[in-house]
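Have a look at the structure below before the remarks.
The values are calculated or read from the model by the stated rules, or taken from the named source; none is laboratory data. What you see is a predicted model; the values in this text were computed from it and never measured. Counting neighbours? That spans all protein chains shown, and the Cβs are built from the backbone with ideal geometry, glycine included.
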Amino acid sequence: MRRLALPLLLVAAEAVAGLSIEYGERPEELARCDRAAYRGKRAEANACYLELFQTSEELWMRAEAARALGDYRAANDAFKAAVEQRPDDAALRARWGRLYLDTHQANEAVQLFLESLERDAKHVPAKLGLATVAAGRFEDRARGYVGEVLEADPDNVEALLLLARMHLEEGALDRARERLDKALEVVEAKGLPPLEVYALHASLDLLNGQPESPWIERALAYNPTYGEIYETQAHFYVITRRYREAIELLRKAVELKPDLYSAHAELGVNLLRENKVDEAQRHLAFAYRGDPYSPQIVNTLRLIDSFDNFVVATHEPDEGSPYDPGVILRLHEREAEVLEPYVLALVRDSIARFSERYAFTLKEPVVVELYPDHDDFAVRTSGLPGIGLLGVTFGHLVAMDSPSGRAEGEFHWGTTLWHEMAHVFTLEATAHLVPRWFSEGVSVYEEWTTGPLPGRHLPIAFLEAMRDDRLLPIAELDRGFIRPTYAAQVVVSYMQAGLVCEYIASRWGQEGLRAMLELFAEGAETPAAISGALGIGAEAFDEAFADYLRQELGGVVANLEAWRGAQRDAHVRAEAREWARALEAAERAIALFPDYVDEGSAYLIKAKAYEETGDTARAAQTLAEYRSRGGYDPTALKALAKWLHESGDTEAAIGVLEDLLLVAPLRLDVHAELGDRLLEAGRAEQALHEYRMFAALDPHDKANVHYRLARAHRALGDTEEARKQLLYALEIAPHYRDAQQMLLEIVR
């Protein structure tokens, strides 16, 4: 038995998620009510639906009337009873599925659409329902469902509009116009409501740089309360990261239709992206009143409530920097003290670097949020296509996982933050007009070349896509982020974009990237930016880039299966503790793909083989090469630091431990060991900082903490503070001999 997890809602359904327009044939009893709703005569429409609900003998018609009134429980009960009466009716199940879509229960809706198709494999409304779900999730299979419908019925308005919307999302504006023109022709010929056609035409104008579209006037003449037209336009601003412009449109939407709860929800989410927390909460709370079971609304309100557990630290512009606009950090209270200095240093370093590299100075403070709960971070990315799993940038605001939000070594938080800070510049320098591929490409390229983690990090999925000729032309590269056609295409598109920027920089220098950014700021599309900045056409660029990839990666791609075989052999031999054979296989794998330093890297097996055979010098050399190519496994780096220290190279050991903090900044032993190495190197002030971080992490052995702090203070000449710390240590552990000895030395 299906039940909606919703209470009775005493509001018009159209106000929850926008006006629902029907393009199929409807009985006159329902069509009469629909016509009033389409014209914005809501009181008349609601009275009509209520009468129909109370008087109709048809269960399915009562269900439709209850749905239109917003009484989802009554609608669900009526649909259930109707399906029990007519279990083989495909249309009933498809209509029931639409009710579940209204109430944010897409999985239940999909099940009903599939059940509908089991009864009628050609049932158009069920196919369109599946297409709607897939399109909302930015899945390419939506195109297949729509294609089937249009093949059978080229004049199907809902299919034409769904396809036009997808074209707009992908930036295929000419194709969108063709679909919209066809849809308009059909609705005018059949006397169907044109509001959605007008809204998408207005969105097309918006994306073409014409925000004051005549289609808005036509829509409001048809329905003076049609706030959905601004909400529709705002959607296309949001997915192209133009959040500030989206906010202004959403404000217009709720001003025109004050109880358009879906627009209030979207407005709240986007205000939060601009760090306008109080205003965001007000709109979300209002939206919750009308749509209390929307996951986006509920989760975002919970996220805002969780801000009480965060520390907000405001850092004014650094007087020594001509570029620093100020930095605001929002860090969880249990880790803020430790993370703040490292996050702040990296943010300021990136601002200085990117300001010079891209000839742009930020105009307002950068806000950086780190979430120890990945689910909280996921709420931040809600509704955005192709967003990476680790960080997101909304302009001057960056949100990402905290190091504690993932298993240790699962990601490099330092390079993630560097990547997102590059986005701050490409977005703000172009007023968010930069295409997705270029912004991501610059961020990936900067990761590889200027960030804290050196070297290319190309996943195997990219090499496979290159081998299988699945890379997109430069003019279509954005499509790989918006609606991928295969499982790994988003990741592949990230890597392709990074390599494109690497190629541009290698051939045209940093000036080439800057020139493209300037053209994007003027509103240029990708082909025009390529031509204007680089003096080459898009097709010729694709050919030259393909040659570059073959030169750089052709050998690795050609030997991919041989590399896989060597990798497997190395792991099997290592598990069997056959170290000589493991070493030989690891060396083969490294020779075939020397840049592979991700999970299961052969460098780690090679180092382990040397360690097991007692050759720690070669083990250290192997891990040093692994690190130089961007390897960051915490256990490996810890071992490398230990061997470097034992060999007498304390400065190199310090460098490795500092790198390790960009992976695992909350590890007690790293701060303690780094403090020790810094103290040995005569860098007592830095050692004191690391010991303070060690103390902030609340280690069990408090006496040891105070002893280390005493050592640093003594090295700095502050014997009084050193004496205090020793007394604290001895109060906890009276027989602590090292502390006793140092205290005696100070007293003497």
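Data overview
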{"item": "Residues within region 36-48 that are under 42 Å from the mean Cα position of the chain (by Cα) and touching a residue at least 12 places away in the same chain (Cβ under 8 Å), tallied", "result": "8"}
{"item": "Residue within region 721-743 that is modelled with pLDDT of 95 or more, within 23 Å of His645 (Cβ to Cβ) and either within 46 Å of the chain's Cα centre (by Cα) or not in a helix (DSSP H, G or I) (or both) present", "result": "no"}
{"item": "Any hit, region 361-368, residues being basic (Lys, Arg), in a loop (DSSP other than H, G, I, E, B) and touching a helix residue (DSSP H, G or I) at 6+ places or on another chain (Cβ under 9 Å)", "result": "yes"}
{"item": "Some residue of region 231-245 being more than 26 Å from Val434 (Cα to Cα), surrounded by 18 or more Cβ atoms within 10 Å (Cβ to Cβ) and outside the structural domain of Val424 (by TED's automatic domain parsing)", "result": "no"}
{"item": "Some residue of region 455-463 being of a type outside the set (Lys, Arg), over 19 Å from Pro594 (Cα atoms) and touching a helix residue (DSSP H, G or I) at 6+ places or on another chain (Cβ under 8 Å)", "result": "no"}
{"item": "Within region 65-111, tally of residues that are closer than 14 Å to Pro125 by Cα and of a type in the set (D, E, K, R)", "result": "4"}
{"item": "Scope region 527-567; condition over 14 Å from Tyr503 (Cα atoms) and of a type in the set (S, T, N, Q); matching residues", "result": "Ser531, Asn559, Gln567"}
{"item": "Residue match in region 407-414 (condition: in contact with a Lys or Arg (Cβ under 8 Å, 6 or more places away or on another chain), farther than 25 Å from Ala544 by Cβ and in contact (Cβ under 8 Å) with a residue 40 or more places away in the chain)", "result": "yes"}
{"item": "For Asn559: the one exception among (1) within 25 Å of Gly675 (Cβ to Cβ); (2) of a type in the set (S, T, N, Q); (3) in contact with a helix residue (DSSP H, G or I) (Cβ under 8 Å, 6 or more places away or on another chain)", "result": "(1)"}
{"item": "Single unsatisfied condition, Ala487 versus (1) buried (at least 24 other Cβ atoms within 10 Å of the Cβ); (2) modelled with pLDDT under 95; (3) of a type outside the set (D, E, K, R)", "result": "(1)"}
{"item": "Qualifying position, being free of Cβ contacts under 8 Å to residues at least 60 places away in the same chain, within 26 Å of Thr415 (Cα to Cα), out of contact with any Ser or Thr (no Cβ under 6 Å at 6 or more places or on another chain) and charged (D, E, K, R), among Arg470, Arg507", "result": "Arg507"}
{"item": "Those residues of region 100-122 which are charged (D, E, K, R) and in contact with a Ser or Thr (Cβ under 6 Å, 6 or more places away or on another chain), in sequence order", "result": "none"}
{"item": "Single match in Leu260, Leu267 (criterion: without any contact (Cβ under 8 Å) to a residue 60 or more places away in the chain and among the aliphatic types (A, V, I, L, M))", "result": "Leu267"}
{"item": "Candidate set from region 422-446 (those that are of a type in the set (D, E, K, R) and surrounded by 24 or more Cβ atoms within 10 Å (Cβ to Cβ)); member that is farthest from Arg627 (Cα to Cα)", "result": "Glu440"}
{"item": "Lone unmet requirement of (1) touching a residue at least 40 places away in the same chain (Cβ under 8 Å); (2) over 27 Å from Glu476 (Cα atoms); (3) crowded, with 21+ Cβ neighbours inside 10 Å for Ala126", "result": "(1)"}
{"item": "Candidates Ala528, Ala562, filtered to the one that is without any contact (Cβ under 8 Å) to a residue 12 or more places away in the chain and either β-branched (Val, Ile, Thr) or surrounded by 13 or more Cβ atoms within 10 Å (Cβ to Cβ) (or both)", "result": "Ala528"}
{"item": "Among (1) out of contact with any Leu (no Cβ under 7 Å at 6 or more places or on another chain); (2) buried (at least 16 other Cβ atoms within 10 Å of the Cβ); (3) within 24 Å of Phe236 (Cα to Cα) - the single one Arg353 does not satisfy", "result": "(3)"}
{"item": "Enumerated helices (runs of 4 or more DSSP H) restricted to region 130-223, each holding at least 1 residues that are of a type outside the set (D, E, K, R) and surrounded by fewer than 16 Cβ atoms within 10 Å (Cβ to Cβ)", "result": "141-152, 173-190, 214-222"}
{"item": "Residue that is farthest from the chain's Cα centre (by Cα), among those in region 287-329 that are among the β-branched types (Val, Ile, Thr) and farther than 17 Å from Leu267 by Cβ", "result": "Thr314"}
{"item": "Checking Arg330 against (1) outside the structural domain of Val379 (by TED's automatic domain parsing); (2) surrounded by fewer than 23 Cβ atoms within 10 Å (Cβ to Cβ), the condition it does not meet", "result": "(1)"}
{"item": "Residue in region 282-290 that is at pLDDT 95 or above, in contact with an Asp or Glu (Cβ under 8 Å, 6 or more places away or on another chain), crowded, with 19+ Cβ neighbours inside 10 Å and not assigned by TED's automatic domain parsing to the domain that holds His432 present", "result": "no"}
{"item": "Residue match in region 239-248 (condition: over 24 Å from Leu427 (Cβ atoms) and touching a helix residue (DSSP H, G or I) at 6+ places or on another chain (Cβ under 8 Å))", "result": "no"}
{"item": "Qualifying residue in region 603-620 (condition: within 35 Å of the chain's Cα centre (by Cα), buried (at least 20 other Cβ atoms within 10 Å of the Cβ) and under 25 Å from Ser404 (Cα atoms))", "result": "yes"}
{"item": "Failed item, numbered, when Ala336 is tested on (1) buried (at least 16 other Cβ atoms within 10 Å of the Cβ); (2) in contact (Cβ under 8 Å) with a residue 60 or more places away in the chain", "result": "(2)"}
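Residue-wise test of (1) in a helix (DSSP H, G or I); (2) under 36 Å from the mean Cα position of the chain (by Cα).
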| site | (1), (2) |
| --- | --- |
| Arg32 | yes, no |
| Ala74 | yes, no |
| Ala78 | yes, no |
| Ala81 | yes, no |
| Asp88 | no, no |
| Ala94 | yes, yes |
| Tyr100 | yes, yes |
| Gln111 | yes, yes |
| Leu114 | yes, yes |
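Rundown of residues vs (1) touching an Asp or Glu at 6+ places or on another chain (Cβ under 7 Å); (2) hydrophobic (A, V, I, L, M, F, W, C); (3) farther than 18 Å from Tyr243 by Cβ, yes/no style:
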site	(1), (2), (3)
Glu369	no, no, no
Asp373	no, no, yes
Thr381	no, no, no
Leu389	no, yes, yes
Ser402	yes, no, yes
Glu408	no, no, yes
His412	no, no, yes
Thr416	no, no, yes
Glu420	no, no, no
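Yes or no, residue by residue, for (1) crowded, with 17+ Cβ neighbours inside 10 Å; (2) not hydrophobic (A, V, I, L, M, F, W, C):
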residue: Gly675; (1), (2): yes, yes
residue: Glu680; (1), (2): no, yes
residue: Tyr707; (1), (2): yes, yes
residue: Arg714; (1), (2): yes, yes
residue: Glu721; (1), (2): no, yes
residue: Glu731; (1), (2): no, yes
residue: His735; (1), (2): no, yes
residue: Leu744; (1), (2): no, no
